[in-house]
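The values are calculated or read from the model by the stated rules, or taken from the named source; none is laboratory data. Please read these numbers as outputs of a predicted model, since none were measured by experiment. Because the Cβ atoms are built from the backbone with ideal geometry, glycine has one as well, and the counts that use them run over all protein chains shown.
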Amino acid sequence: MFDLIIRNANLPDGRTGLDVGCRGGRIAALEAGIAADAGQVVDAGGRLLSPPFIDIHFHMDATLSLGRPRRNRSGTLLEGIQLWGELRPMLDREEMVARALRYCDLAVAQGLLAVRSHVDVTDDRLIGVEALLEVRDRVKPYFDLQLVAFPQDGYFRRPGTAANLERALDMGVEVVGGIPHGERTMEDGRRSVTALCELAAGRGLMVDLHCDETDDPMSRHIETLVFETQRLGLGRRVAGSHLTSMHSMDNYYASKLLALIAEAGVHCVPNPVANIVLQGRHDTYPKRRGLMRVPELLALGVTVAFGQDSMLDPWYPLGNADMLDVASMAVHVGHMTSLAAMKDSFDAVTVNAAEVFGLQDYGIAVGNHADFVLLEARDTVEAIRLRAARLAVIRRGRIIAQSAPRTATLALEGRPVAVEPWRYAPADAD
């Protein structure tokens, strides 16, 4: 007897027609035609059953604050940072908690059940840290929220920020963050990478630095991050986020840098939807795209995971907590249109992100948590193409969100025509 059986499901690895039996919040059986009863049965009908989506780079303290105190008129990263600095003194804990909880509701509906959120520690009050720690506790039964202590204005630029960051870690924030390209000088940026990595090593924590989010090809703090990862033995506990300077570097230097990243085991986190609009703002034509060299990194075995970064905030006026939208943007901007590359993009918002996050017992295998999203698509490529509807979101073997299939009924020449997008093209084949 199972608590839940999902029948006739396709999996992201290409297996089809499988049943998934869940008991006690975990996957207890995975095979075709499970001959058993269950308290609840879901017929997948040949649709894709995926582990839940993960956003490995987000700013939940800023989300849903668009227009406060005004909009970003230039669309630049620097004006976004300036706007956040104007808004920061106006923030209060209750308001931030309310915004974050609203966002979590939307995320769950989209099958997004784990988020790594950077939280600004510049304000001496640490309002954002207090708010998101509260949110983390409140959503824990159905949502994994991991926090990064992030000195938005730079680790060394403002007296007290270094102490604030350590206070945030003492309060329970799990990851050390930074922004070396935001320091006053290149040398201060280099020193901040060293200091932050040493801090993480001393506390046994992970590191995730905003790194080289600029069009400047000479911004090379990722090189220092790679070096410190190896010097301090941080292994696969380190992520470099954004790395947009990589799109401006010459190929010779990039060939060296990418090999060093792979050698050190540093994870790379592009943010396609935000950086495609933030970067290249000072270019006329040609315009740079704001995406690190994803196919080249993947070819070297680097773990690449995509983040959404922002939604309805000073940096990005769009977004809807849809990681398929993020994957689709990467496919387009990164010229990742081969079948293998599109499948890689799906992995970048699921299994790769889980690795960077450090999630335990994630994925569709016996013994793992019974956490899934049932998509109105047959495979991962079709899911990205259609931004597939999330028919069911399941957490620990219990359905926590459902959506209706996307169907339109047309009246053409006196005959009704039902249009179901997921049935409209043959399944993609190798």
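The single condition among (1) more than 22 Å from F306 (Cβ to Cβ); (2) surrounded by 16 or more Cβ atoms within 10 Å (Cβ to Cβ) that V175 does not satisfy is (1). Here's a check for you: in the stretch 105-132, which residue that is of a type outside the set (D, E) and in contact with a Gly (Cβ under 6 Å, 6 or more places away or on another chain) is surrounded by the fewest Cβ atoms within 10 Å (Cβ to Cβ)? The qualifying residue surrounded by the fewest Cβ atoms within 10 Å (Cβ to Cβ) is V119.
Condition check ((1) closer than 27 Å to G397 by Cα; (2) surrounded by fewer than 16 Cβ atoms within 10 Å (Cβ to Cβ); (3) out of contact with any strand residue (DSSP E or B) (no Cβ under 6 Å at 6 or more places or on another chain); (4) outside the structural domain of M323 (by TED's automatic domain parsing)) across all residues:
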{"residue": "A28", "(1), (2), (3), (4)": "yes, no, no, yes"}
{"residue": "G33", "(1), (2), (3), (4)": "yes, yes, yes, yes"}
{"residue": "L64", "(1), (2), (3), (4)": "no, no, yes, no"}
{"residue": "G75", "(1), (2), (3), (4)": "no, yes, yes, no"}
{"residue": "W84", "(1), (2), (3), (4)": "no, no, yes, no"}
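Among residues of the stretch 407-423 that are assigned to a loop (DSSP other than H, G, I, E, B), those with a beta-carbon under 7 Å from a residue that is not charged (D, E, K, R) at least six positions away or on a different chain give the pairs T407/A418; T407/V419; E420/P405; E420/T407.
If you go through the stretch 253-263 and keep only what is buried (at least 16 other Cβ atoms within 10 Å of the Cβ) and either in contact with a Lys or Arg (Cβ under 9 Å, 6 or more places away or on another chain) or at pLDDT below 95 (or both), you end up with A254, L257, L258. In this structure, is L64 among the hydrophobic types (A, V, I, L, M, F, W, C), modelled with pLDDT of 95 or more and over 20 Å from the mean Cα position of the chain (by Cα)? Taking the combined requirement at face value, the residue does not satisfy it.
Give the stretch 78-115 a look and list any residue that's under 15 Å from A274 (Cβ atoms) and within 19 Å of the chain's Cα centre (by Cα), or say none. V115 - this is the single residue of the stretch 78-115 that is under 15 Å from A274 (Cβ atoms) and within 19 Å of the chain's Cα centre (by Cα). Residues in the stretch 273-295 that are in a helix (DSSP H, G or I), buried (at least 18 other Cβ atoms within 10 Å of the Cβ) and not aliphatic (A, V, I, L, M): N275 alone. Which residues, taken from the stretch 365-383, are in a loop (DSSP other than H, G, I, E, B) and crowded, with 23+ Cβ neighbours inside 10 Å? Scanning the stretch 365-383 gives A370, D371, E376, A377, D379. Which one is surrounded by the fewest Cβ atoms within 10 Å (Cβ to Cβ), of the residues in the stretch 226-248 that are in contact with a strand residue (DSSP E or B) (Cβ under 7 Å, 6 or more places away or on another chain) and hydroxyl-bearing (S, T, Y)? Among residues in the stretch 226-248 that are in contact with a strand residue (DSSP E or B) (Cβ under 7 Å, 6 or more places away or on another chain) and hydroxyl-bearing (S, T, Y), the one surrounded by the fewest Cβ atoms within 10 Å (Cβ to Cβ) is T229. Scanning the stretch 223-254 for residues that are more than 17 Å from the chain's Cα centre (by Cα), closer than 20 Å to E213 by Cα and not in a helix (DSSP H, G or I) yields a count of 3.
Condition check: of a type in the set (D, E, K, R), over 17 Å from V273 (Cα atoms), in contact with a strand residue (DSSP E or B) (Cβ under 6 Å, 6 or more places away or on another chain) and modelled with pLDDT of 95 or more. Does R395 satisfy that?
no
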